[in-house]
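Notes follow the structure.
Bear in mind that the values in this text are calculations on the coordinates, not laboratory data. A quick note: this is a predicted structure, and the numbers were derived from the prediction, not measured. Methodologically, a virtual Cβ is constructed for each residue, glycine included, from the backbone with ideal geometry; neighbour enumeration extends over all protein chains shown.
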Amino acid sequence: MRSQIITLLTDFGLQDGYAASMKGVILQICPDAKLVDISHLIAPQSVRSGAFVLCACYEYFPHGTIHLAVVDPGVGTERGAVAIRTRSCFFVGPDNGLFSLILRKETAWEARRLENRQYRRSPLSCTLHGRDLFAPAAAHIACGAQFDTLGPACDPVSPHWGEPVIGRGEVRGEVIHIDRFGNAITNVLGETLEKQGPVEKWMITAGKSAINSIEQTYGRVRTGEPLALTGSTGFVEIAVNQGNAAFQLELGLGTRVTFRLSNARN
């Protein structure tokens, strides 16, 4: 039987009732749904951060889980609304790149545009699609709606920040998330670098800072010193041992990060 776990990830915060209204709509449609909050503290309008946080944890949920994610600066515009089915789970949310990192990892998936009015609330708010469009769709999937009835097949948006630029001895990426410790996480996977050379041979330029190698863990450098390492999610991050890299190195979302192999020939 399909799992009825529905996770929620938004930038709605905890002060207002936006996230709670989504939960209420889901439970009206599918009272047996098990709701799990991933986070409602994604930085406002930060699709990059939402994409990273979702990608970092979705694989640890049971088979059949439905991941409802809403970080939607384009709400009410012509941006698409999408549901995606992979071998193990479902994703529902705005088609703005929020699922792009996941689709880099998944080898088989199907996407549908959410156009079937049967699976949405009426009237449809122009400013809260999380409640009126995405939550009902997720709930109907949990209750057994056939995936192909949600709407026509589509190809989700693939934004420029979803993929690094890979060259010979050089990989160019950018910061896509700042975690609560101030670590600046890039869109470059450690395995991407390892395909060309050992991680210790790579030099990194992040904003105005230069880092000479990639370490295995934070404690490999002295307290207060910057370093790069492959984090628990597989993405390379810029950190400061027991410090805040984003603050100390002036790194933010979208900061360019360049990796160069020290023995690469041009």
Give me the lysines in straight-line cross-link reach of residue 105: C-alpha distance below 20 Å, same-chain residues under 8 apart excluded. 195
Evaluate the relative contact order of the stretch 1-74 (contact order divided by residue number), counting alpha-carbon pairs under 8 angstrom at least 6 apart; express in whole percent. 49
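Could you put 188, 157 in order, starting from the residue whose Cβ has the fewest other Cβ atoms within 10 Å?
Working: 188 28, 157 17.
Listed from fewest to most nearby Cβ atoms, that is 157, 188.
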Considering the Cα positions of the chain, please state its Rg to one decimal place and its Dmax as a whole number of Å. 19.8, 62
Alpha-carbon centroid distance for the pair the stretch 124-139 / the stretch 30-87, whole angstrom: 13
From the phi angles alone, apply the Karplus equation (6.51, -1.76, 1.60; θ = phi - 60°) to the stretch 4-15 and give each ³J(HN,Hα) in whole Hz, x where the residue is Gly or Pro. 10, 6, 10, 8, 10, 9, 8, 10, 6, x, 10, 7
Considering all projection directions equally, how large on average is the shadow of the alpha-carbon convex hull of the stretch 5-149, in square nanometres? 7.7
Counting only DSSP beta bridges with both residues in the chain, tell me the antiparallel percent, nearest 5. 70
Sequence order, the stretch 168-182: Karplus ³J(HN,Hα) from phi using 6.51 cos²θ - 1.76 cosθ + 1.60, θ = phi - 60°, Hz rounded, Gly and Pro as x, gives 7, x, 8, 10, 10, x, 7, 6, 10, 7, 10, 7, 5, 8, x
Could you list 34, 195 so that the one with the fewest beta carbons within 10 Å of its beta carbon is first and the one with the most is last? 195, 34
Within the set of other residues whose C-beta is less than 14 Å from the C-beta of residue 53, count the net charge using Lys and Arg as +1 and Asp and Glu as -1. -3
GluC sites (Glu not before Pro) restricted to DSSP loop in the stretch 78-187 with at most 14 other C-beta within 10 Å: 78, 115
Antiparallel versus total DSSP beta bridges in the stretch 5-149: what percent is that, nearest 5? 45
